[in-house]
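A short write-up of the structure that comes next.
Derivation of every value follows stated rules applied to the coordinates shown; laboratory data play no part. In this text, all values refer to a predicted model and were calculated from it rather than measured experimentally. Ideal geometry is used to build each Cβ from the backbone, glycine not excepted, and the neighbour counts take in all protein chains shown.
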């Protein structure tokens, strides 16, 4: 009898607890369900935005190659604005900077480079922006400023690009021997099939040097 009483009492206590706390429990369950649903929605939305950004970037590159500069500039700016949290925004800003520089609009090229720095998602991208900024300064004949910028870069992700840049700076300053050394350093950082080897080897020859046997990067 006592066991039956205990079971009945426990049942009543559960009922009373549910009456008092049932709404809170239901709310908690609904919040968990909403959180899970929201997470899946967010993941789906991220994937959709990434696909949209990729499509827009492809159209942007096509406009550059056509060339349809006016359209490319509009598309590039839109990608930077609408997809700022994606690597496509970063890539678009870099390409847009090059487009503006080729038009001789260096202020706009620098502004695009600043946007690239703002949307850079990691240290690797930020390092690349610093190298590109120094290259932009050099392209304007601002060798001293470019040299200061290059000296401040601690290349980890792009040592070959930095070495090539320093070679270009040395050549611009009439220091062909130093330039040749930098170009050799750049080549040593690249694999034998790297796409940029050909141009750097030409630069090395122009500096009066000869390319050593390439060092395999493993």
Please give the contour-minus-distance gain from residue 123 to residue 58: 0.36 nm per residue of separation, less the Cα-Cα distance, rounded to one decimal in nm.
20.9 nm
Compactness of region 43-139 - radius of gyration and Dmax, Cα, Å
13.0, 43
Calculated FRET efficiency, residue 107 and residue 152, Cβ-Cβ r, R0 22 Å, to nearest 0.05?
0.50
Rg/Rh for region 119-218, where both radii come from Cα atoms and Rh is the Kirkwood radius
0.97
Inter-site label distance for residue 140 and residue 177 at 7 Å from Cα along Cβ, in nm:
3.3
Residue order, fewest to most beta carbons within 10 Å, for 98, 132, 184, 126:
126, 98, 184, 132
Taking R0 as 30 Å, what FRET efficiency do you get between residue 196 and residue 84 from their Cβ-Cβ distance, rounded to the nearest 0.05?
0.55
